[in-house]
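Notes follow once the structure below has been shown.
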Amino acid sequence: MKYNIEVIKIGRKWIDVSVSGKVSNYNAQLLINEITETLTAGDKAEIECKFENKSSGYGKKYFLYPLTDEEKAAAAAAATVAAAAAEVKAEAKANDYRNRKINDYIGYVRNAAKEGRAYDNGVDKLKEWGAWTDEIKTEIKETIASAKAAKEEQKAAEDAKYANINLPAYNGFNGKPKAGVIIVQKGRVYEVVSSFYNSHDGWSFGVLNEEFYSVKAIDVTETARGAAKLAELAEREAAKVAEKAAEVAEKARIDAIIAEIKDNGERVKGDHVDMPDGEVIYDSFDNYGGGERIIKTADGAMWYIKNNGADGGDWSPNNIRTSGAGAYGWVLYPPEPVKPTKSDIFRAAHKMARELKGNDDSIDYRAQFAACLRYIYGGEKIDVKNAVKLAA
């Protein structure tokens, strides 16, 4: 290395010099040899030297050794060798780095291929480094094809395991079925695994609504849970059927009562007839002037009353008071009771006396008959002899 020096003092072996440093000047000892022997105090020169510093308890000292032509040539040769060695080392290091990166990116490309996709950036890097060989290219292509086939197979297995059901989304996003919920479709029972809300195209998927839920579910029909759900639904359906049958039967009963009253009864006559008191058997009166009412009074009469107070209706038939415009109706009175004749009474007493007497000959039949007759007839004096004849 070349140093700019200024001679301060010349000794027998060393020359005291001031050396120009990068920041400031410093003092050093310059060896006297054939290169420096002609220097005198105050001279300035640029000399190629070997540098050395020595440390002691008194501090540091710096020494400069001027190089001869032979030493310069040797140093240049050594520098050339060192540079070549450094270049070889750098090239080896670069190759090592390149090979490591190639191996890394081949790994990245292979991992992506195992997932069924191409890692384009990695392929570009391998092409840049000349490592995208036909062998690697074929391997990656086959791996991607195999991974895609495996995914298709897995998807087919998933599709076979799960049912995909589309349901109308009447309750919007917040109403989508949650995982674990049981739903029933076309007689099969499903447990929801997941669901997705779709805000449009429901009609295209056969759902009778624009918004719909895509539901992924497991068929649990054959499990205990599925059987219990079907049994619950069957019970509900049976209850609905029974309820409907009861409603139909009740309607038929009411219709029969109304028909009986209208066919065998008479129209309620008079003006401003009060609503009768009694047991209300049926009542469908409403606040709009419609409905019907059946009332059974204490004397056994059956009233059928037709509310006729609707706005715009014909109120002229009305003659029964209501809280509105009035009503009209029919009444069926109970038949008059048939009074038994004396012959009927005597026969009843005769039958009672024979049953009471039985085979007991100690009982006077005529007295027994008279007692039965008084019991039935209420204690009235009766010609027993004539009564026996009538009862015979």
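Of all the residues in segment 1-58, those that are in a strand (DSSP E or B) and farther than 26 Å from ALA74 by Cβ number 12. For TYR65, the conditions (1) in a strand (DSSP E or B); (2) closer than 24 Å to GLU142 by Cβ; (3) hydroxyl-bearing (Ser, Thr, Tyr) all hold with the exception of (2).
Pairs linking a residue in segment 148-166 that is closer than 17 Å to GLU191 by Cβ to a residue that is among the acidic types (Asp, Glu), with Cβ atoms under 6 Å and 6 or more positions apart or on different chains, are ALA163/ASP219. Which one of the conditions (1) touching a helix residue (DSSP H, G or I) at 6+ places or on another chain (Cβ under 8 Å); (2) part of a loop (DSSP other than H, G, I, E, B) does ASN171 fail to meet, given that it meets all the rest? Unmet condition: (1).
Considering only residues of segment 63-100 that are among the acidic types (Asp, Glu) and loosely packed, with under 12 Cβ neighbours inside 10 Å, which is farthest from LEU30 (Cα to Cα)?
So the residue we want is ASP96.
From the residues in segment 35-62 that are in contact (Cβ under 8 Å) with a residue 40 or more places away in the chain and of a type outside the set (D, E, K, R), which one is nearest to ASN25 (Cα to Cα)? Per the criteria, the residue is TYR62. ASP219 meets the conditions (1) of a type outside the set (A, V, I, L, M); (2) closer than 19 Å to PRO168 by Cα; (3) at pLDDT below 90 in every case but one. The failed one is (2). Would you be able to say whether some residue in segment 204-220 is loosely packed, with under 13 Cβ neighbours inside 10 Å and either among the hydroxyl-bearing types (Ser, Thr, Tyr) or in a helix (DSSP H, G or I) (or both)? Within segment 204-220, one or more residues are loosely packed, with under 13 Cβ neighbours inside 10 Å and either among the hydroxyl-bearing types (Ser, Thr, Tyr) or in a helix (DSSP H, G or I) (or both). Restricting attention to segment 243-273, the residues that are of a type in the set (Gly, Ala, Ser) and in contact (Cβ under 8 Å) with a residue 60 or more places away in the chain add up to 1.
Each row is one residue, and each column tells you yes or no for (1) in contact with a strand residue (DSSP E or B) (Cβ under 7 Å, 6 or more places away or on another chain); (2) outside any helix (DSSP H, G or I); (3) surrounded by 11 or more Cβ atoms within 10 Å (Cβ to Cβ); (4) of a type in the set (D, E, K, R).
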position: ILE144; (1), (2), (3), (4): no, no, yes, no
position: ASN166; (1), (2), (3), (4): yes, yes, yes, no
position: SER195; (1), (2), (3), (4): yes, yes, yes, no
position: HIS200; (1), (2), (3), (4): no, yes, no, no
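Taking only pairs six or more apart or across chains, which ones have beta-carbon atoms under 8 Å, a first residue in segment 111-122 that is not assigned by TED's automatic domain parsing to the domain that holds ILE140 and modelled with pLDDT under 90, and a second residue that is outside any helix (DSSP H, G or I) and among the aromatic types (Phe, Trp, Tyr)? If the second residue must be outside any helix (DSSP H, G or I) and among the aromatic types (Phe, Trp, Tyr), no pairs are left. Considering segment 342-392, the qualifying helices (runs of 4 or more DSSP H), each wholly inside and each with 3 or more residues that are at pLDDT 75 or above, run over 342-357, 365-377.
The values are calculated or read from the model by the stated rules, or taken from the named source; none is laboratory data. These numbers come from a predicted model, not from an experiment. We place every Cβ from the backbone using ideal geometry, glycine too, and count neighbours over all the protein chains shown.
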